[in-house]
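K.L.:
Take a look at this one; I'll ask things after.
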Amino acid sequence: MNETARQLLARIEAIDSAATDNRLRAEAYQRMNDELKETQGQATSPDGAVTVVAGPGGGITSITFSEGSSETAREVLAADVLRAISEAQANVARAQADVVRRGLGDTELLDRVLDSDEELFGASRPSSLGAVPEPVAAPGSRPLPAFAGRGPRVADDEFEPVDIFDDGDERRR
């Protein structure tokens, strides 16, 4: 085999190798994308009255109230809901960051996201791959806004009180 043929063969092998690498990378990205779509974050209020599940992107997929939640003062329950929403959203954001970390390894962009998460939510970084810690709230701290960093802030006085236990049946009043 002459030198030109060896060079052509080496180029063909390099192209085949690059094509294989690209196919494997595309499959890895697809798996990561599928996993990101299924990621959820969950949080339960400290008193157990409310549990919130957030899906990809922080959208709330469920809010569940415990049997004893009807005994909880409305103001406390409202604060519990807001806190659980914020924590569930933070948990899904950390879980998604962990999926990206496993898929891409440590990157500068991921570090910036985790730094921002730590600053906004006071939550520590995942200590190892696959670990997503629950956020830790300081004793006596106020609940975070429900959609921190995701839109305009709204003053509490812009909402009218709503009785979440009122089913509209006049006979029960």
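The values are calculated or read from the model by the stated rules, or taken from the named source; none is laboratory data. Note that the structure is a prediction, hence the values are computed from the model and not measured. Glycine gets a Cβ as well: all are built from the backbone with ideal geometry, and neighbour counts include every protein chain shown. Ligands, DNA and RNA are excluded from the accessible area calculation, which covers all protein heavy atoms including side chains. Shrake-Rupley method; radii C 1.70, N 1.55, O 1.52, S 1.80 Å.
K.L.:
Where the accessible area of segment 51-97 is counted over protein heavy atoms with a 1.4 Å probe, how much of it, in %, is carbon and sulfur?
P.N.:
Summing carbon and sulfur atoms, their accessible area is 56 percent of the total for segment 51-97.
K.L.:
Among 86-96, 54-64, 15-25, how do they line up by average Cβ neighbours within 10 Å per residue, starting with the highest? Write down the numbers at each step before the final one.
P.N.:
Working: 86-96: 24.8, 54-64: 15.8, 15-25: 10.0.
Highest to lowest by the protection proxy: 86-96, 54-64, 15-25.
K.L.:
Can you work out the accessible area per residue across segment 1-68, with the rest of the protein chains kept in place, probe 1.4 Å, in square angstrom?
P.N.:
70
K.L.:
Could you give each residue of segment 48-53 its phi-based ³J(HN,Hα) in whole Hz, using Karplus coefficients 6.51, -1.76, 1.60 with θ = phi - 60°, and x for Gly or Pro?
P.N.:
x, 6, 9, 10, 10, 10
K.L.:
Taking N as the number of residues in segment 1-76, what is its Cα Rg relative to 2.2 N^0.38 Å? Intermediate values should be presented prior to the final figure.
P.N.:
Values: Rg = 27.0 Å, N = 76, 2.2 N^0.38 = 11.4 Å.
In units of the globular-protein estimate, segment 1-76 measures up at 2.36.
K.L.:
Compute from the Cα atoms of segment 1-42 the Rg and the Dmax, the latter being the longest Cα-Cα distance, and quote both in angstrom.
P.N.:
Just the Cα atoms of segment 1-42 yield Rg and Dmax of 18.5, 65 Å.
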